[in-house]
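Structure first, commentary second.
The values are calculated or read from the model by the stated rules, or taken from the named source; none is laboratory data. Only a predicted model underlies this, so the values are computations on that prediction, with no experimental measurement involved. Here the Cβ positions follow ideal geometry from the backbone for every residue, glycine too, while neighbour counts run over all protein chains shown. Note: accessible area is taken over every heavy atom of the protein model, side chains too, but ligands, DNA and RNA are not part of it. Shrake-Rupley method; radii C 1.70, N 1.55, O 1.52, S 1.80 Å.
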Amino acid sequence: MIASRLAATLALGAILTGPAHAGTSLVIDASSGAVLSSENANQAWRPASTTKMMTIYLALKAVREGRLGLETAIPVSKLAASQPRVKVYARPGQEITLDNALRIMMVKSANDIAYVVAEGVGGDVPTFVAMMNAEAQRLGMRDTRFVNPNGWDHPDQQTSARDLAILAMALMHDFSQYSDYWGTSAVQLGKQVMPNTNGLVGRYSGIGGMKTGFTCASGFNVVATASRGGRTLIAVVLGSLSGTDRTVQAAQLLDAGFASWGGTGYSVASMPPSGTRAPNICDDVRHRGGGVALADDADVSGPIAAGVSHGDANSPDGGRFAIFNAQPAPQASGSVATRSPRGRVVLGPRAEAIPVQVSFGRSPGSASAPLAANATAQPTSRVARGTPTIEPEAPVAAGLALPPTRRTASSNGAIPRGATAFAPASAPVQPSSDAFESGPLRLQGSVQSGAANAASLRPGAAAGIKTAPRNARPDKAQAAKTQPAKAQPLKTPPARTLPAKPKPSQAAVKPPAAKPAAGAKAKPANDA
């Protein structure tokens with residue numbers, strides 16, 4: 001039923017759209033790589049958001065290797081939050097699991113979330129971009145060069161229909177169990193329902209999904225997969241002038257591929273690289289759009305459910321998202337694409353689907369999932385995540401954070417190198433370097449056992465020590481001499497002693513005081 005409707009619609013679309021734009025396209029068999037049809041398939045082209053196919057490939061590869069988990073919580077950086085739309089307006093400091101990030105990135109084509117994934121996998125964007133280019137070379141994508149992980153237009157970022165078909169084959173072969181990421185009809189973030197930017201999802205019989213892309217310079221791109229009669233095909237369309245054009249053209253190519261059992265006689269891997277530069281078709285896109293370049297997520301016909309309510313600017317999301325009412329989609333009118341009152345070809349309604357719920361924040365499994373690459377560089381993240389964990393009543397084992405190492409003075413509880421907390425402020429003392437190599441801390445110039453002598457002490461300290469004679473019993477006088485010198489008290493003025501009172505018999509007799517001679521000074525008394 002759907003196939004018959006599509007056939008009639010495609011015939012209508014071929015008449016209404018007129019001559020095809022000189023873009024590039026390719027259809028291959030997904031299992032063998034045999035080329036079924038090709039048009040400038042090795043011409044370099046700007047990938048736009050089809051770049052995110054490599055982003056999800058590297059993310060799933062990290063999951064397979066155990067470096068990340070689908071429930072790994074990835075923090076949102078300021079760089080990620082600053083990416084241009086299409087986006088979901090993630091805020092710096094928020095966290096999102098890899099699972100939710102991949103769904104939003106592949107369905108909504110959110111540029112900010114693509115950067116979140118890139119930093120979670122590679123630690124930072126330059127490292128991740130290097131990983132993208134290395135993987136492209138490994139897969140044999142010889143006309144591809146990546147500059148960023150979300151496909152934002154850059155003159156040096158390019159690919160080809162051939163290379164994107166190879167990447168699609170690698171995704172389907174290496175990560176077939178994750179095909180739901182690129183085949184989901186819609187996701188719901190809070191109240192916002194976001195349909196898949198791939199217009200074939202929910203409209204084309206046997207569609208498996210994959211990824212779209214759009215910038216003004218690249219035009220409208222799509223990589224689509226579909227399965228019928230035990231066969232799976234991959235169609236690549238680059239450089240369409242509208243989202244409807246790319247959807248109709250991809251459907252035409254898939255239909256022609258399923259109707260044909262022959263081929264060109266060569267495989268996609270055997271196609272040579274072109275060595276060309278990607279063109280800029282922004283002028284053509286603006287001309288087709290009436291002077292305005294449409295967005296990649298603009299699907300003006302066929303939302304998940306009928307009745308689009310355009311967001312109010314005062315709504316919590318600032319009116320950035322259209323809110324789709326949760327009501328059943330209307331029945332199809334009998335064709336997948338129709339002519340609008342203005343004469344444009346528009347897509348029909350999608351099949352009814354229940355959006356997949358996504359959200360920001362951690363999941364119950366995030367606490368035990370591996371840390372994101374950009375979270376390991378943040379010391380507080382290990383504390384917040386509880387990694388490493390010390391069990392109750394368990395000893396703190398050596399090598400908790402690092403593997404066991406040779407014991408040092410600091411690990412034995414000695415004073416660490418460079419400590420001056422116990423040194424005099426006027427004369428800081430630094431222990432010798434060998435005191436920190438191993439074992440207990442050794443004192444520089446210390447008194448060794450059995451070798452105490454006057455020379456081992458500070459200058460002036462030996463003055464109060466005299467050697468005692470062996471086998472001799474000191475007398476009291478000698479013992480008094482050998483007693484250690486007492487600490488001298490603080491000097492105070494001497495107290496004057498009063499003369500002894502004379503006896504009563506002597507009190508009456510007073511000797512006459514001698515008068516000093518003239519010019520002579522009086523001498524002090526001896527009892528003074």
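Taken together, the residues in region 143-163 that are more than 24 Å from the chain's Cα centre (by Cα) and in a loop (DSSP other than H, G, I, E, B) amount to 5.
Within the set 102, 12, the sole residue that is part of a helix (DSSP H, G or I), of a type in the set (A, V, I, L, M, F, W, C) and modelled with pLDDT under 95 turns out to be 12.
Going by the conditions given, is residue 122 buried (at least 24 other Cβ atoms within 10 Å of the Cβ) and of a type in the set (Gly, Ala, Ser)?
Working: buried (at least 24 other Cβ atoms within 10 Å of the Cβ): no; of a type in the set (Gly, Ala, Ser): yes.
Taking the combined requirement at face value, the residue does not satisfy it.
When 232, 212 are screened for being polar (S, T, N, Q), within 21 Å of residue 38 (Cβ to Cβ) and open to solvent by less than 10 Å² (accessible area, probe 1.4 Å), only 212 passes. The number of residues in region 164-188 being farther than 29 Å from residue 138 by Cα, under 25 Å from the mean Cα position of the chain (by Cα) and open to solvent by 20 Å² or more (accessible area, probe 1.4 Å) comes to 1.
Residues are listed down the side, and each one gets a yes or a no for (1) modelled with pLDDT of 50 or more; (2) part of a helix (DSSP H, G or I):
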residue	(1), (2)
239	yes, no
244	yes, yes
280	yes, no
293	no, no
313	no, no
321	no, no
327	no, no
334	no, no
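Residues that are over 12 Å from the mean Cα position of the chain (by Cα) and open to solvent by 30 Å² or more (accessible area, probe 1.4 Å) were ranked within region 127-142; the one that is farthest from residue 57 (Cα to Cα) is 142. Exactly one residue among 26, 36 is within 18 Å of residue 224 (Cα to Cα), of a type outside the set (D, E, K, R), open to solvent by 10 Å² or more (accessible area, probe 1.4 Å) and modelled with pLDDT of 95 or more, and that residue is 36.
Restricted to region 100-116, and to residues that are within 18 Å of residue 191 (Cα to Cα) and among the aliphatic types (A, V, I, L, M), which residue is surrounded by the most Cβ atoms within 10 Å (Cβ to Cβ)? Ranking the candidates gives 101 first.
Of all residues in region 358-370, those that are within 16 Å of residue 94 (Cα to Cα) and touching a residue at least 60 places away in the same chain (Cβ under 8 Å) have Cβ atoms under 8 Å from Cβ atoms of residues that are in a loop (DSSP other than H, G, I, E, B) and polar (S, T, N, Q), 6 or more apart or on another chain, in 360/94; 361/94; 366/72. Residue pairs whose Cβ atoms lie under 8 Å apart, sitting 6 or more positions apart in sequence or on different chains, and linking a residue in region 257-273 that is in a helix (DSSP H, G or I) to a partner that is exposed (fewer than 10 other Cβ atoms within 10 Å of the Cβ) and aromatic (Phe, Trp, Tyr), do not occur here. Inside region 70-99, residues that are open to solvent by less than 10 Å² (accessible area, probe 1.4 Å) and part of a helix (DSSP H, G or I) make up a count of 2.
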